[in-house]
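Since the structure comes first, as structure tokens, the remarks are kept for the end.
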Amino acid sequence: MISSFLKSLVADARGLTIRSILTVFFAALLAVSMTCSPFLLSISMWGFVAMAWWDSAVSVDPGGLRRPSTWWKALVRSFRRFFRHRALLPVTLLFFVPALSYFWSDDHAYWLERTRIRVPFFVLPWAFANLPALTKRQFRLALYLLVWSLAVICAGVLINFALHFDAIIADLGMGRPMPVPRSHIRFSLVLATGIFTGAWLWFDGFYWKWRRERRLLALVTVFLFVCIHVISVRSGIAGLYAVLLFSAGRFIWKTRRWGLGLAALSAILIVPLIAIQAIPSFKMRVEYMKWDWLQYRQNIGSQYSDSERWISLEAGLDLWRAHPVLGVGAGDLPEEIRRTVTTRYPEYREAPKLPHNQFLYILAGTGLLGLLASMIAFMAPVARAQSRRFYLFAAFQILAFTSFLVEYTIETAMGAAFYLFYTLWFFKMAEQES
């Protein structure tokens, strides 16, 4: 499959450089490896860095690539270009905010771990500001491979579910996730991204080699839509339905076809009700959620995941109220959460969770100043009108911000890669489309 993909890239190059072809290869590698291989994920990120530096060196002196001075000049020029980029430069604040909290963090080992995870927020925006030019088709090819790779992975997940049906249903009834590659929460978010991306590629009329692929693409997208309900991870499902509601509203606004739009809205509301009755794993997840909420309300949920999430939010708010301006420091957040939970919610002290809300996580760790800087970083790409008008970019931002409400999405390597790559890739696509 990889060999065929590379041949297709070469065939579609139409005079573009090998740098452009390799850029799309690394994008496809990142999209696929995000769900299954941390090593390949890291390789693909540094591949973007190499392509950006290489392209800058060629723009400085195409015939002088063997001279070290050319590469140094290219690096200087690339940073000058990056510093002038009003949309991408502010994204680096998501690296600098936790990094600067070193000065008021006592646990420097955990601070270093947090900062290391945020390094891509400095490296990738620089790389995307200097990437080689790509065609519209090349942008789409990477997304097309994402959809098909998710179909293969989901087929494996469903086969495993069928082979261990009773055990997995029992685990779901106790709040445990269905087995999926790596983080089940981030995987569900990637799956939701693949669903609305596959639908967009179908409406866009995209196909790899043969026009009849569009029928298969439609079937695969529907298959992924069913799978996300079977896997039953609420973060991904909530984000997906937020995107569906946005898509229906956008359709009504652009076309003024009120009847069709209202029918779509009705379907969006009805489908979850059907899924509860038709999909055992989804039904079990909903029943567990109701039961866990009841345990929390009765203050007897210390062993249950949802109750622990609610307590994590309360503990995070307590920390922020005590340290409103600078927070407790990114390095000290776990220890301070543990101390707060032990003191105020002792029945939950065995395994206290970090605040399951990205904004509250930032508030507790770096205070109001950290949240203000982070919001500037989040909103800078969104502030550009051409980005907001591009469906994939707007839909992804809705998915990401929905996840921020219930998860600390970017505080893991996979989560940071997920948010950063798709934000930047769709941002570059918006530039190309406009």
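All of the numbers you see were taken from the coordinates with simple rules; none came from a lab. Quantities reported herein were computed from a predicted structural model and do not represent experimental measurements. Every residue, glycine as well, gets a Cβ built from its backbone with ideal geometry; the counts of neighbours run over all protein chains shown.
Assorted remarks:
- Taken along its three principal axes, the alpha carbon spread of the stretch 81-128 comes to 36, 16, 11 Å, from the longest extent down to the shortest.
- Hull volume per residue, based on the alpha-carbon atoms of the stretch 137-298 and their convex hull, is 136 Å³.
- Based on the Kirkwood approach, the hydrodynamic radius assigned to the stretch 78-170 is 17.3 Å, with every pair of different Cα atoms included.
- Comparing Tyr110, Val190, Ala248 along the charge dipole axis of the chain, the residue lying farthest to the positive side is Ala248, per the Cβ-charge model.
- In Hz, Karplus ³J(HN,Hα) per residue of the stretch 167-181 (6.51, -1.76, 1.60; θ = phi - 60°; x = Gly, Pro): 5, 5, 4, 5, 5, 4, x, 10, x, 8, x, 6, x, 9, x
- Spread of Cα-to-Cα distances over 5 Å intervals beginning at zero, given as percent, for the stretch 291-434: 2, 10, 17, 18, 16, 13, 10, 7, 5, 2, 1, 0
- Kirkwood-Stokes translational diffusion coefficient of the stretch 242-347, alpha-carbon pairs, 10 °C, 1.306 mPa s, µm²/s: 91
- Across Ser266, Ser307, Ser56, mean-square fluctuation computed from a Gaussian network of the chain (C-alpha pairs under 10 Å connected) peaks at Ser266.
- The charge dipole of the chain, taken about its Cα centre with unit charges on the Cβ of Lys, Arg, Asp and Glu (plus for the first two, minus for the last two), comes to roughly 1980 debye.
- Longest DSSP-loop-exposure-free segment, trypsin sites (Lys or Arg not before Pro), the chain, at most 12 other Cβ within 10 Å: 258-434
- Evaluated over the stretch 18-111, the Cα radius of gyration and Dmax, each in Å: 16.9, 51
- Listed residue (Ser374, Ala413, Tyr361) projecting farthest to the positive dipole end of the stretch 302-434, Cβ model: Ser374
- Figure legend: label point modelled 7 angstrom from the Cα of Val152 along Cα→Cβ; residues of the stretch 171-193 with amide N under 15 Å from it are 181.
- Considering every alpha-carbon pair of the chain, the percent of pairs per 10 Å bin, from zero through the bin containing the longest distance, is 4, 19, 29, 27, 15, 5, 1, 0.
- Label-point gap, in nm, between Lys283 and Val271 - each point 7 angstrom along Cα→Cβ: 2.0
- Within the chain, the cysteines lacking any other cysteine Cβ closer than 4.7 Å to their own Cβ are Cys36.
- Only helices enter the 222 nm calculation for the chain: every DSSP H run of n ≥ 4 contributes -39,500 (n - 2.57), and dividing by all residues gives -25000 deg cm²/dmol, rounded to 500.
- Only lysine pairs 8 or more places apart or on separate chains count here, and in the chain those with Cα atoms under 19 Å apart total 4.
- Projected label points at Thr342 and Arg212, each 7 Å from Cα along the beta carbon direction, are separated by 6.7 nanometres.
- Under a model in which nothing but the beta-carbon of Lys, Arg (+1) and Asp, Glu (-1) is charged, the stretch 302-434 shows a dipole of about 360 debye around its Cα centre.
- Per residue, the average separation of C-alpha pairs within less than 8 Å and at least 6 apart gives the stretch 302-434 a relative contact order of 25 percent.
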